[in-house]
Amino acid sequence: MSNSEKNTDKKLTLPKKPYTAPERASQGPRPPHKAAPNVANKGSMGKPTSAQTVKLADTDLGFALLHASWAIGLVSREGKSLDQAISMVLEGVDLPQARGAVADLSYFGMRWLGRGRVLTELLTGKKNLRPAELEDLLALCFALLWDPKEAKYTQHAVVDQAVQACASDAAMMPGKGLVNACLRNFLRDQDNFVKQALQNNLAAWNFPNWWVQTLRKQHPDHWQDLLRQGNEHPPMVLRVNQRCMTGQAYLDLLTAEGRAAQLLGPQTVLLDKPCPVFDLPGFAQGEVSVQDSAAQMAARLLNPQSGQLILDACAAPGGKTGHLLELADVDVVALDDNPRRLARVRENFERLQPTLGSKVSLELQAASAESTTGWWDGTPFDHILADLPCSGSGVVRRHPDIRWLRRQEDVAKLSQTQQKILDSLWSTLKPGGTLLVVTCSIFLEEGPLLAQSFADRHSDAEPLAAPGVVLPHPQHPELRYSHSPDGFFYAHFSKKLPL
């Protein structure tokens with residue numbers, strides 16, 4: 001959960017009154033963000049497109065390869081998030097198929113960037129190409145060509161369209177011969193080149209070396225599974241609103257529509273194949289939400305009771321907030337320091353509100369959890385859900401850019417922020433109340449070590465039963481990685497009553 005940007009405190013209270021659900025939202029593309037100067041109708045180095053460049057149609061694979069390689073470069077060299085980068089390169093692109101293809105290739109390229117980078121250096125003999133966009137394009141193409149058995153496109157199509165992508169961009173055009181030669185050389189001796197690449201851990205695991213070594217040290221029995229799972233496509237798991245129906249009843253609805261799924265828990269359903277959310281029966285009406293099985297533990301661990309006042313700190317985008325409101329008639333204060341992300345909490349609430357009745361309330365507060373100044377009115381909370389900002393190491397399969405954006409030193413810095421937030425929030429909890437500490441991380445500094453440090457500083461904190469580290473690997477050997485939860489950490493504390 002984001003808690004890194006400092007913003008002016010803002011308060012918005014949503015009243016306790018029935019809400020009329022809006023009509024089903026359009027499934028068209030969102031309006032794109034303003035593009036970076038080097039990606040909108042220009043050469044990749046910001047130079048105007050020359051008369052000699054070819055024009056690609058939005059439906060061409062070359063178009064998708066070029067834009068996806070731009071997105072990869074914005075992440076790896078400029079530190080943009082992948083979603084932000086995709087929005088930037090899609091400025092002015094309206095065709096849904098083109099937008100989908102660019103997003104798909106961008107995620108694929110980020111997930112397998114390690115093997116792409118190693119093969120690029122191996123085939124070109126250079127650590128850094130100029131322009132750098134050539135390196136991004138080659139890395140993406142090598143990733144696509146790596147395993148013919150799992151090919152998204154034919155080998156010929158990838159090579160031909162990579163050359164066309166270069167020919168469409170003034171800055172990359174001089175490199176089209178290099179791209180063509182490297183890709184064809186790879187295909188002539190593919191097995192040998194793959195074997196050579198796998199001698200490098202970056203290609204073998206597709207994670208930075210510090211990440212691999214950290215998991216190997218901290219999870220010696222599971223580190224390989226954790227890395228493999230991080231490269232898998234994430235499952236689509238649903239939380240069925242218990243105010244509406246049981247998980248089994250919703251599973252029956254899916255079955256009637258011909259959608260294969262299975263029940264993971266009383267209110268938890270796993271889809272065999274992901275689908276657009278508005279294709280799900282009852283999604284627009286608040287009957288079901290998308291939330292991983294590990295994240296669904298949070299609200300149930302707090303066990304909210306009607307009439308209680310609950311703080312959801314670092315709440316955006318609001319999945320756990322909504323779950324709390326589904327479980328009981330409670331008053332929730334959702335706190336997040338990013339107003340834009342906090343708006344998503346409101347959107348989720350508005351979708352759910354018709355199912356919640358008139359005895360719940362949600363108050364949104366745009367403020368930092370590191371201090372109580374400006375947002376807390378002094379009324380102590382019965383429960384606090386502290387969904388702390390963290391490295392995201394447990395959800396890397398959902399966000400493949402995380403592994404390339406994080407640095408080893410970030411973990412220690414984030415741990416300090418987490419401690420500061422917990423100390424601040426503890427002062428707002430009433431005696432007898434409970435604090436649930438949550439991170440979507442599998443690094444020990446953001447899990448057991450964090451919880452122990454907090455307990456050592458607060459003698460009035462009584463540990464309660466909690467799952468601890470939830471590792472993202474199959475619980476049984478015969479299950480696929482798609483059955484595994486995201487990686488999380490949970491610690492639960494009760495505030496002792498004064499003597």
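The values are calculated or read from the model by the stated rules, or taken from the named source; none is laboratory data. Just so it is clear, the structure is predicted and the values come from calculations on it, not from any experiment. For neighbour counting, all protein chains shown are included, and Cβ atoms are generated from backbone atoms with ideal geometry for every residue, glycine included.
Okay, here's what the table says:
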quantity	calculated
Residues (among the small types (Gly, Ala, Ser) and under 15 Å from residue 158 (Cβ atoms)) located in region 173-187	181
Qualifying positions in region 141-162 - buried (at least 19 other Cβ atoms within 10 Å of the Cβ) and within 16 Å of residue 204 (Cα to Cα)	142, 143, 144, 145, 146
Candidates 230, 258 - the one that is more than 22 Å from residue 471 (Cα to Cα) and either surrounded by 17 or more Cβ atoms within 10 Å (Cβ to Cβ) or over 25 Å from the mean Cα position of the chain (by Cα) (or both)	258
Selection from region 484-499 of residues that are under 22 Å from the mean Cα position of the chain (by Cα) and either in a loop (DSSP other than H, G, I, E, B) or modelled with pLDDT under 95 (or both)	484, 485, 486, 487
Qualifying residue in region 365-385 (condition: among the small types (Gly, Ala, Ser), buried (at least 19 other Cβ atoms within 10 Å of the Cβ), outside the structural domain of residue 241 (by TED's automatic domain parsing) and out of contact with any helix residue (DSSP H, G or I) (no Cβ under 6 Å at 6 or more places or on another chain))	yes
Residues located in region 205-226, provided they are surrounded by fewer than 17 Cβ atoms within 10 Å (Cβ to Cβ) and without any contact (Cβ under 8 Å) to a residue 60 or more places away in the chain	209, 213, 216, 217, 220, 221, 224
The one condition in (1) closer than 30 Å to residue 226 by Cα; (2) not in a strand (DSSP E or B) that residue 354 fails to fulfil	(1)
Selection status of residue 94, surrounded by 24 or more Cβ atoms within 10 Å (Cβ to Cβ), charged (D, E, K, R) and in contact (Cβ under 8 Å) with a residue 60 or more places away in the chain	no
Lone qualifier among 260, 256, 294 - being touching a strand residue (DSSP E or B) at 6+ places or on another chain (Cβ under 8 Å) and either farther than 28 Å from residue 394 by Cα or touching a residue at least 60 places away in the same chain (Cβ under 8 Å) (or both)	294
Residue in region 66-84 that is modelled with pLDDT of 95 or more, within 18 Å of residue 160 (Cα to Cα) and out of contact with any Leu (no Cβ under 6 Å at 6 or more places or on another chain) present	yes
Test for residue 181: is it part of a helix (DSSP H, G or I), under 29 Å from residue 161 (Cα atoms) and small (Gly, Ala, Ser)	yes
Residue satisfying condition, being surrounded by 13 or more Cβ atoms within 10 Å (Cβ to Cβ) and either modelled with pLDDT under 95 or among the polar types (S, T, N, Q) (or both), within set 458, 473	473
Helices (runs of 4 or more DSSP H) completely within region 385-462 that count 2 or more residues being of a type in the set (Gly, Ala, Ser)	408-426, 448-457
Single residue of 260, 256, 298 found to be aliphatic (A, V, I, L, M) and within 19 Å of residue 321 (Cβ to Cβ)	298
